[in-house]
Amino acid sequence: MHLDQKISLKPFHTFGMEVEARYFIEPRTKEEILTLLNYRNMIHMPVLILGGGSNLLFTKDFDGLVIRIKSKGIEVHESDQDYVRITVQAGEDWDPFVQFCVERRWAGLENLSLIPGTVGAAPIQNIGAYGVEVKETIESVHFVEIDSGIQKRFTNDECDFGYRESIFKKSLKGKIIILDVTFRLLKTSAIDISNQEHLKLDYGLIREELWMMNITRPGISDVREAVCAIRRRKLPDPAKVANAGSFFKNPFIPEEQKNVLCDRFPSMPWYPEQFDVKNVGLNSDNPVMFKIPAAWLIEQCGWKGHREGDAGVYPDQPLVLVNYGNAGCQQILDLMKRIIDSVSDRFGIILEPEVNIH
């Protein structure tokens with residue numbers, strides 16, 4: 001490992017902000033991560049763990065140590081005739097890992113194709129797309145406490161997963177480094193290929209995309225191909241237009257509020273979701289809440305395609321705020337606040353950022 005000082009973070013996050021880290025280091029193995037924690041003088045300053053940097057907005061220089069996890073490795077454990085277990089190092093890139101699984105006909109992650117970032121970041125955010133959340137496939141998460149150096153492994157239940165949430169984003173935020181993640185996936189070779197119950201096709205435009213591909217009996221590779229095609233159409237490539245993906249979470253509201261809004265806005269889309277309401281920060285005795293697409297709310301307020309200088313809202317997906325070149329962090333923050341205020345004024349719904357703001 002090599003410790004660098006006053007390093008530009010622009011190449012290491014997808015929003016393209018010109019900020020610096022006081023110290024920067026890239027451990028490339030689990031052993032190097034654990035060795036780093038022995039240097040107590042380094043970890044007694046502010047620490048930021050960085051994976052792919054695809055869900056971050058830096059608002060200023062980071063006056064501490066940035067640890068960019070680059071550990072690699074995939075270990076396959078044969079579980080039984082129906083399922084396979086895979087332990088993946090935190091620094092593995094997410095989408096190549098999804099492709100690795102799809103090529104072996106292991107189902108569960110195909111709807112999460114083409115999401116940027118690393119495997120270690122996936123459980124923190126409980127990444128999700130097209131009707132699937134990564135928590136559905138995670139068996140355990142192995143991590144180390146930064147202060148003590150003690151390693152622990154949490155089961156799925158102990159991770160306290162919620163909508164774009166986990167214990168690693170709440171009580172353990174900034175206190176641990178994820179070392180590896182173990183997944184449990186279905187072997188599609190072990191089931192009747194005519195049975196498609198394991199596929200999630202009813203979210204987004206997956207069925208329509210498969211129809212355009214002339215596929216009537218899809219497998220997981222077809223679902224991956226469809227998801228990749230949709231994402232490439234709707235979302236900007238960070239290599240071409242700097243962004244951090246979906247900037248806002250989809251809000252959840254109780255049925256009474258949903259009914260009032262549907263009376264006022266009959267075209268408003270909504271989706272019933274059943275979950276533990278504490279994980280989305282709402283007080284309700286009803287476990288069924290209603291998800292309202294944040295993209296629809298933002299578009300109804302006239303923000304789709306809006307641009308001010310180099311800060312803007314992507315024309316094909318209003319959930320995505322973009323940096324067209326030299327936008328400053330304050331420009332992005334101001335745009336975010338104005339969008340939140342306008343949605344609140346019109347719909348009485350408070351949007352929350354999905355992006356981590358530092």
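Every read-out reported here was derived from the displayed coordinates using simple, explicitly stated rules and does not represent laboratory data. Owing to the predicted nature of the structure, the values given are computational and were not obtained by experimental measurement. So basically every Cβ, Gly included, is an ideal-geometry build from the backbone, and we count neighbours across all protein chains shown.
What's the long-distance tail for region 197-353, i.e. % of Cα pairs beyond 25 Å?
43
Could you give the length gained by full extension between Tyr203 and Tyr39, i.e. 0.36 nm per residue of separation minus their alpha carbon distance, to one decimal place?
54.3 nm
Please work out how much length the chain gains when fully extended from Met1 to Arg264, using 0.36 nm per residue of separation minus the C-alpha to C-alpha distance, in nm with one decimal.
Stretched fully, the Met1-Arg264 segment lengthens by 88.8 nm.
Rounded to the nearest 0.05, what FRET efficiency do Asp345 and Glu78 give with R0 = 56 Å and r taken as the Cβ-Cβ distance? Could you check?
About 0.50, to the nearest 0.05.
Given charges of +1 on the Cβ of Lys and Arg and -1 on the Cβ of Asp and Glu, with all other atoms neutral, how large is the dipole of the chain about its Cα centre, in debye to the nearest 20?
Approximately 620 debye in magnitude.
Taking N as the number of residues in region 284-358, what is its Cα Rg relative to 2.2 N^0.38 Å?
That ratio works out to 1.19.
Mind listing the long-range amide H neighbours of Glu139? Cut-off is under 5 Å, sequence gap 5 or more, other chains count too, H placed in the peptide plane at 1.01 Å from N.
Thr182, Phe183, Arg184
Dividing the alpha-carbon Rg of region 62-112 by 2.2 N^0.38 Å yields what?
Expressed relative to 2.2 N^0.38 Å, the Cα Rg reads 1.45.
Would you please report the Å³ per residue occupied by the convex hull of the alpha carbon atoms in region 26-174?
About 121 Å³ per residue, rounded to a whole number.
Which one of His2, Trp270, Ile349 has its Cα pushed farthest toward the positive end of the charge dipole of the chain, where Lys and Arg give +1 and Asp and Glu give -1 at the Cβ?
Sorting the options by dipole projection puts first His2.
Over the Cα atoms of region 170-260, what radius of gyration and what Dmax do you get, in Å?
18.5, 49
If I take the Cα coordinates of the chain and project them onto the principal axes, what are the three extents in Å, biggest first?
Over the chain, Cα extents along the principal axes are 60, 54, 43 Å.
Can you tell me how much longer the chain between Asp61 and Glu103 gets when fully stretched, taken as 0.36 nm per residue apart minus their C-alpha distance, in nm with one decimal?
11.0 nm
Quick one: Debye curve from the C-alpha atoms of region 41-81, no solvent, what's log10 I(q)/I(0) at q = 0.15 Å⁻¹?
-0.56
Could you work out the percent of alpha carbon pairs in region 12-84 separated by over 19 Å, rounded to a whole number?
Looking at region 12-84, the distances longer than 19 Å represent 46 percent of pairs.
Hey, can you rank 122-133, 142-153 by average C-beta count inside 10 Å, highest first?
Going from most to least packed, we get 122-133, 142-153.
Going 7 Å from the Cα of Gln257 in the Cα-to-Cβ direction, what parts of region 320-358 have a backbone nitrogen less than 18 Å from that spot?
339-354
Inverting the mean 1/r over all pairs of different Cα atoms, compute the Kirkwood radius of region 105-236 and quote it in Å.
16.1
Amide H neighbours of Leu179 under 5 Å, at least 5 residues apart or on other chains, H built in the peptide plane: list them.
His142, Phe143, Val144
Mean separation of Cα pairs under 8 Å and 6+ residues apart, divided by the residue count of the chain: what relative contact order is that in percent?
Relative contact order, the chain: 16 percent.
Given a Förster distance of 56 Å, report the FRET efficiency between Arg338 and Glu31 from their Cβ-Cβ distance, rounded to the nearest 0.05.
The computed FRET efficiency comes out at 0.75.
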